[in-house]
Every structure is written in C-alpha cells, then in structure tokens.
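The values are calculated or read from the model by the stated rules, or taken from the named source; none is laboratory data. Nothing here was measured: the structure is a model prediction, and the numbers come from that model. Note that we place each Cβ from the backbone using ideal geometry, even for glycine, and neighbour counts take in every protein chain shown.
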C-alpha cells in the first residue's frame with residue numbers, strides 16, 4: 001500500500017522540507033496546517049526560513065499578518081536578491097562647495113545625507129522622490145559625525161563641537177554635543193527626553209574620530225583620542241559611551257576597546273586587541289560593568305611576530321530595535337550580519353587584511369546561562385557556527401565597506417561596485433542554475449551585467465596569517481558590476497542601492513546612481 005507523503009516520520013519530513021526554497025516554504029505555512037506545525041516545531045526549519053527571509057520587514061512570525069501578505073512580503077524580498085529593481089535613476093548634485101576636510105554620508109530608507117567635517121551645514125536628498133532636490137540644514141556647531149537610524153525611528157544623531165577640529169589642541173576648552181533630530185522634519189526628536197546631550201571628555205585629550213551606532217533606544221558613541229603621555233609622545237586611546245536616547249541618560253562607559261556594535265538592543269559586542277591577541281566580548285547593556293562580560297571569545301592567534309588591528313564595518317540600517325526586542329531570534333535584525341575588518345601587521349612593513357563576517361544570530365546563540373557568565377571560548381573550539389573570513393581575493397583593502405542584512409558592499413578594483421551576498425537563498429539559486437564547471441557565470445539584471453562567483457563553504461583561509469588552520473562555514477556569492485561608470489562609494493538599504501561618484505573637488509558636483517528595490 002502506498003505511503004502518503006505526510007505519513008512519513010517527522011525527522012524525514014524535516015530533511016525533505018529543509019531543501020525547499022523560500023516561496024515554497026512560505027506557501028506551505030500558508031496552505032497546510034500539518035506542514036506548518038512541523039515547521040513551527042523545528043528549530044532547523046525556523047532558522048532556515050528566518051535566514052532566507054532576513055531583512056523582510058514583515059517577518060513570518062507576525063501572527064497579526066495574513067498568510068497571503070506574508071507570502072507577498074517574502075516574494076518582494078526575493079526580488080531584492082534576484083536583482084530586479086523597480087526603477088533606476090541618475091541624480092546630479094550641483095554647487096557643492098569643496099572643503100579641506102573629508103565628507104560623511106548616510107543612507108536610511110529613502111533619505112541620503114551628506115555632511116562635511118567641521119561644517120555647520122547638513123545636506124540631504126530623497127533619491128526616491130519624483131523630482132529630488134538637494135536641501136540644506138544649518139546646525140548650531142561644527143559637525144564631527146552623523147548617524148542615521150532605521151526609517152521607523154525617524155532619527156538622525158549629529159555629534160557637534162563648539163570649535164573646528166583643525167583649531168583644537170585639547171578637549172578642555174571645547175564643548176561636545178549630541179543632538180537628536182527627526183529626519184523627516186529636521187527638528188528636535190519628539191521621542192527624545194533630552195534632544196541635546198553634552199558629551200564629557202575629561203582631561204586634556206584631543207579627539208581624533210567619532211563613530212556612532214544605534215539599536216532601538218540605545219546609542220553608542222566611540223571616541224578615539226590622542227592622549228599625551230609626556231611632552232614628546234602621544235598614544236591613541238578610545239572611550240565608548242552608551243546612552244539611552246529616549247530617556248536622555250548615559251548608561252555606562254568603557255575604555256580602550258577597538259570596536260563596538262549592537263547584536264540586539266540589550267547585547268553589545270565589543271572588540272579588544274592586545275597586539276598578539278584579539279578578543280570579542282559580549283556585554284549585557286543593563287549589566288553592571290563590575291560583573292564583567294557575559295562571554296569572551298578569543299580569535300586564533302596570528303603567526304609569530306604578527307600584530308592584530310581591527311576596524312568595525314559600518315552597518316545599515318542602524319538596528320531594528322522593536323522587532324529585535326519582541327522576537328530576538330525571529331527578527332530580520334537577528335538574521336543580519338556584523339563585519340570586522342582585521343589588519344595583520346607582519347614582519348617589516350607587510351600588511352594583510354581579512355574581513356570577518358558573522359551572523360548576529362550565531363553570536364547570540366553563544367550567550368550562556370546565568371551560572372556560566374564570564375566564560376572564555378576559543379574560536380576554533382566553540383566559535384559561532386555561521387561565519388566567514390574573506391581574504392584579499394575578494395576584498396579591496398582601500399575601500400570603505402558597509403553591511404545591510406546579509407550583504408556587504410564596497411568599491412572593488414577599477415571603481416566597480418562589488419557585493420558579497422551571504423543569503424542562503426541567493427547562494428542556492430545560483431548553484432542550481434550554473435551550467436559549466438568554471439563556477440562563474442554572467443547574468444543579465446536591471447543593474448548592469450553582473451559577474452557572479454559562488455564561493456564554497458568550509459574552506460581554509462588566511463594561509464600564513466594564523467598559527468592554526470582557520471576554516472569558514474558560510475557559502476557566499478561575489479557579485480560585481482562588469483561595466484558602467486566608476487564609483488567613489490556605495491551605500492545600501494532595504495530599498496535602495498546607491499552608487500556615489502564624488503567629483504566635488506573637480507567641478508563642485510557629485511552623482512548618485514540609484515537602484516530602487518521594493
């Protein structure tokens with residue numbers, strides 16, 4: 001007698017269902033109660049569906065959302081990964097006064113912001129508008145840093161100083177401010193109890209760089225500063241301040257960490273390097289610093305004589321606080337990635353760079369129970385299950401990098417846009433459609449002609465950099481524009497990819513190439 005498919009043991013059904021693609025999984029949830037029960041009861045299937053549907057605004061676990069709407073949301077996001085933009089436009093920005101300092105940029109939703117260091121003006125434009133116009137907004141101080149939150153928060157954080165950086169000798173006579181604006185109105189944010197907060201930098205220290213991160217009501221400000229140890233020498237140190245911008249208060253501070261990024265509104269990942277050792281620490285934001293971190297993760301040591309340095313990669317958007325708090329393992333934010341650019345200083349003047357990309361979910365799953373807090377883990381023994389190291393065969397060392405969801409974007413050689421896509425749905429789709437043995441193919445898309453190169457999982461990397469073998473266990477695609485204009489920067493959001501061409505110092509102009517994906 002034939003056996004009905006659904007009469008098979010649950011273990012076999014789970015193995016079969018785990019190979020289904022994103023739309024089919026969503027359709028099963030919407031149409032078959034028994035299959036839905038199996039999916040809901042399986043951690044493996046929940047993770048697979050969540051990973052494939054990462055960055056979908058309406059996640060599949062929203063019980064107030066109808067099944068047909070869930071499927072539509074997943075299909076909409078599928079279009080993003082299949083490079084199917086609904087519109088493409090070119091915007092030229094005129095009459096931008098060239099300055100002597102560097103420019104800062106931010107993208108959130110459909111708002112693109114430009115600011116010059118030490119300037120008193122912000123410029124912004126909505127690339128998705130029918131007739132986009134560059135607007136200007138004056139702030140009461142010299143701009144040191146800008147940070148944009150996700151569109152739902154409608155938040156722009158500006159770090160201001162009373163004097164320009166170039167005129168500054170010490171911090172003793174300079175006032176620093178955090179100002180919290182609404183992106184939509186350019187007025188003080190209505191949810192901020194203290195829309196203007198003062199930043200206290202004690203002692204005669206000269207700040208060199210500010211960097212902010214936002215997740216829900218939390219805001220971190222990393223300050224790198226020059227600290228004079230004697231009359232002849234200076235060393236670079238760091239101060240990390242953690243604020244609750246809605247309550248208007250400073251929660252805690254840390255010193256001498258190299259990088260910081262939120263894993264959730266309540267968990268902060270800090271990186272600390274001690275020349276020959278690089279350590280990640282996961283801290284509970286509400287926890288007393290005297291208790292110590294929840295967990296410490298030691299990365300593999302470099303080869304003898306090698307020295308670590310680390311840079312945190314810009315993450316866009318800046319934290320989905322509400323969904324990450326309500327369902328930390330079922331939100332799009334939890335399924336997004338964090339990235340760290342690691343520089344190895346070897347013997348002599350030789351430098352090598354790697355990009356370490358880790359799933360937020362994989363890091364959160366390392367959090368121990370209360371009685372195990374403070375444990376130290378070794379990367380190769382108990383490191384995160386989902387991570388990838390990218391080497392110089394993929395990276396462009398001189399380019400700034402940004403991560404949105406499960407993609408990393410930067411400018412590759414010859415000024416072309418290069419994206420590294422870690423989404424398992426994208427990876428599977430490309431592998432299924434390959435027709436040759438070269439593991440490389442060209443595809444026609446709405447962006448340009450793109451070259452897609454799948455990179456295998458579980459491969460050894462960093463030969464000659466570590467004392468022990470390090471392996472990566474996350475498949476990914478390398479996608480690069482094969483033709484078209486050259487770009488200075490690339491920015492990514494859930495709805496837009498923006499290629500930025502900077503010719504400000506040549507003709508006082510800049511250009512935006514905008515692909516809208518929705």
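Spot the failing condition for residue 172; the list is (1) outside any strand (DSSP E or B); (2) modelled with pLDDT under 90; (3) in contact with a helix residue (DSSP H, G or I) (Cβ under 9 Å, 6 or more places away or on another chain), and only one is missed.
(3)
Check 247, 241, 251 and return the single one that is modelled with pLDDT of 90 or more, surrounded by fewer than 19 Cβ atoms within 10 Å (Cβ to Cβ) and not in a loop (DSSP other than H, G, I, E, B).
Working: 247 fails: not in a loop (DSSP other than H, G, I, E, B); 241 fails: surrounded by fewer than 19 Cβ atoms within 10 Å (Cβ to Cβ).
Criteria check complete, one pass: 251.
So, of the residues in the range 339-363 that are touching a residue at least 40 places away in the same chain (Cβ under 8 Å) and not in a strand (DSSP E or B), which turns out to be farthest from the chain's Cα centre (by Cα)?
Across the range 339-363, the extreme among qualifying residues is 347.
Residues in the range 274-293 that are outside any loop (DSSP other than H, G, I, E, B) and under 18 Å from residue 363 (Cβ atoms): how many? Step through it out loud before you land on a result.
First, pick out the residues of the range 274-293 that are outside any loop (DSSP other than H, G, I, E, B): 278-284, 289-291.
Still in the running and under 18 Å from residue 363 (Cβ atoms): 278-284.
Summing the residues that are outside any loop (DSSP other than H, G, I, E, B) and under 18 Å from residue 363 (Cβ atoms) in the range 274-293 gives 7.
May I ask you to list the residues in the range 385-413 that are farther than 18 Å from residue 313 by Cα and at pLDDT 80 or above?
If the condition is that a residue be farther than 18 Å from residue 313 by Cα and at pLDDT 80 or above, then no residue fits.
Conditions tested, residue by residue: (1) surrounded by fewer than 19 Cβ atoms within 10 Å (Cβ to Cβ); (2) at pLDDT 75 or above; (3) over 24 Å from residue 422 (Cβ atoms).
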{"position": "462", "(1), (2), (3)": "no, no, no"}
{"position": "481", "(1), (2), (3)": "no, no, no"}
{"position": "487", "(1), (2), (3)": "no, yes, no"}
{"position": "506", "(1), (2), (3)": "yes, yes, yes"}
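Which members of the range 344-364 meet the condition of being farther than 18 Å from residue 298 by Cβ and surrounded by fewer than 21 Cβ atoms within 10 Å (Cβ to Cβ)?
Keep residues of the range 344-364 that are farther than 18 Å from residue 298 by Cβ, which gives 345-353, 355, 357, 359-361, 364.
Of everything in the range 344-364, those that are farther than 18 Å from residue 298 by Cβ and surrounded by fewer than 21 Cβ atoms within 10 Å (Cβ to Cβ) turn out to be 345, 346, 347, 348, 349, 350, 351, 352, 353, 364.
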